[in-house]
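J.: Structure provided below as structure tokens; questions to follow.
The values are calculated or read from the model by the stated rules, or taken from the named source; none is laboratory data. All values reported here derive from a predicted model rather than from experimental measurement. Positions of Cβ are generated from backbone atoms using ideal geometry, with glycine treated the same way; all protein chains shown enter the neighbour counts. Quick note on the areas: whole protein, heavy atoms, side chains included, nothing else; ligands and nucleic acids left out. Shrake-Rupley method; radii C 1.70, N 1.55, O 1.52, S 1.80 Å.
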Amino acid sequence: MKSKKLKRSLKILNLNPFLDEQGFLRVGGRLANAKFSFEKRHPLILPSRNPLTVLIFRYEHVKLYHCGPQHLLSSLREKYWPLTGRSLSKQTVRNCITCFRYNSKLVRPIMGNLPEQRLVPKHAFDIVGVDYAGPFIIKDRMGRGAKLSKSYVALYVCFLTKAVHLELVTDLTKEAFILSLRRFCSRRGKPSSIFSDNGSNFVSARSELKELGRYLCENKVELSSSFCKEQIDWHFIPPQSPHFGGLWEAGVKSMKFHLKRVVNNTHLTFEHFYTLLT
């Protein structure tokens, strides 16, 4: 190959440039003995501030179905070596109207002040939020031929310490939730307030708790007055406002993060799953 060495500027000094037979400036490099094409071994040097270079970047970006900057630069370097190619590729993707529409960022409004329940110092699990996660598949026994059924995890999160308590329930009925709430109260103490979403199971549970509290108040002779005063205030977040329940939603996300990495697709029995949650 006949080539003519050029006076190299400081910007392309490390590229070892030369002029080919047609008078184009190409990259020298050390790939002369490689079994690649001539264009790949010695890509054509493109100036960074030339309109032709910008058009080549735009054409390649559309040809590759609006790829990202790294993919765009890697594809172009098969034939060309654009100066400051990384910034040019980022600029091409950033100036693409189609990519801008699909990568638009939503407006994030400033969050409101924290509620009083999360700021007043109290003991742990005095004010809690509850939510359900699942379903999770469990089996009735170990070994072959086991029947599979659904189960759910009732998550109780403390408003002050963000501590999480997990209870395993078998269905989404009112009775199953009441039993999980009783187990929670036996281990963590009865909370003064519970916050939840507008699930139908919680609405039913609230009505039953009202009847239970009314029954305790009417039987003051048989029961101590102190136990009668320990009623639970139930609060619902506004309908169609899941961001009000971000505290327990974050707890569900954290629980699933670890659970998927430990259990994966394994089907556990009720006892094994409950032991894992505990």
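J.: For the subset of region 1-27 comprising residues that are in a loop (DSSP other than H, G, I, E, B) and open to solvent by 100 Å² or more (accessible area, probe 1.4 Å), which member is modelled with the highest pLDDT? Can you show your working first?
T.: Applying the first criterion (in a loop (DSSP other than H, G, I, E, B)) to region 1-27 yields 1-3, 6-12, 16-17, 20-24, 27.
When the remaining residues are screened for being open to solvent by 100 Å² or more (accessible area, probe 1.4 Å), the result is 1-2, 7-8, 10-11, 21-22.
Details: Met1: 43, Lys2: 42, Lys7: 47, Arg8: 43, Leu10: 54, Lys11: 67, Glu21: 76, Gln22: 79.
If we take residues in region 1-27 being in a loop (DSSP other than H, G, I, E, B) and open to solvent by 100 Å² or more (accessible area, probe 1.4 Å), then Gln22 is modelled with the highest pLDDT.
J.: Out of region 67-76, which residues are surrounded by 15 or more Cβ atoms within 10 Å (Cβ to Cβ) and closer than 16 Å to Pro43 by Cα?
T.: Within region 67-76, Leu72, Leu73, Ser75, Leu76 qualify.
J.: Taking region 243-276 on its own, how many of its residues are over 18 Å from Gly129 (Cα atoms), open to solvent by less than 60 Å² (accessible area, probe 1.4 Å) and among the hydrophobic types (A, V, I, L, M, F, W, C)?
T.: Going through region 243-276 one residue at a time, the tally reaches 4.
J.: Right, next: Scanning for something touching a helix residue (DSSP H, G or I) at 6+ places or on another chain (Cβ under 6 Å), within 19 Å of Pro242 (Cα to Cα) and either of a type outside the set (A, V, I, L, M) or not in a strand (DSSP E or B) (or both), does region 134-153 turn up at least one residue?
T.: Here is the first cut: in region 134-153, the residues touching a helix residue (DSSP H, G or I) at 6+ places or on another chain (Cβ under 6 Å) are 138.
This time we only want the ones that are within 19 Å of Pro242 (Cα to Cα), so: none.
No; the residues of region 134-153 include none that is touching a helix residue (DSSP H, G or I) at 6+ places or on another chain (Cβ under 6 Å), within 19 Å of Pro242 (Cα to Cα) and either of a type outside the set (A, V, I, L, M) or not in a strand (DSSP E or B) (or both).
J.: Additional query: Which members of region 115-133 meet the condition of being modelled with pLDDT under 80 and either assigned to a strand (DSSP E or B) or more than 22 Å from Gln231 (Cα to Cα) (or both)?
T.: Of everything in region 115-133, nothing turns out to be modelled with pLDDT under 80 and either assigned to a strand (DSSP E or B) or more than 22 Å from Gln231 (Cα to Cα) (or both).
J.: Further, regarding this structure: Can you find, within region 78-103, the residue that is nearest to Ser48 (Cα to Cα) among those that are open to solvent by 80 Å² or more (accessible area, probe 1.4 Å) and in a loop (DSSP other than H, G, I, E, B)?
T.: For region 78-103, the residue satisfying everything is Thr84.
J.: Which one is modelled with the highest pLDDT, of the residues in region 142-177 that are open to solvent by less than 10 Å² (accessible area, probe 1.4 Å) and touching an Asp or Glu at 6+ places or on another chain (Cβ under 6 Å)?
T.: Out of the qualifying residues, it is Leu155.
J.: Considering only residues of region 216-240 that are surrounded by 11 or more Cβ atoms within 10 Å (Cβ to Cβ) and either part of a helix (DSSP H, G or I) or of a type in the set (S, T, N, Q) (or both), which is modelled with the highest pLDDT?
T.: Gln231
J.: Looking at (1) touching a Leu at 6+ places or on another chain (Cβ under 6 Å); (2) of a type in the set (A, V, I, L, M); (3) open to solvent by less than 50 Å² (accessible area, probe 1.4 Å), which is the one condition that is false for Ile137?
T.: So Ile137 meets the others, but not (3).
J.: Scan region 102-138 residue by residue and report those that are of a type in the set (D, E, K, R) and closer than 19 Å to Tyr156 by Cβ.
T.: We begin by selecting, within region 102-138, every residue of a type in the set (D, E, K, R); these are 105, 108, 116, 118, 122, 126, 131.
Listed by number, the residues that qualify are Arg118, Lys122, Asp126, Asp131.
J.: Could we say that Val157 is of a type outside the set (S, T, N, Q), more than 30 Å from Phe36 (Cβ to Cβ) and touching a residue at least 12 places away in the same chain (Cβ under 8 Å) here?
T.: Working: of a type outside the set (S, T, N, Q): yes; more than 30 Å from Phe36 (Cβ to Cβ): yes; touching a residue at least 12 places away in the same chain (Cβ under 8 Å): yes.
Yes: the conditions hold for Val157.
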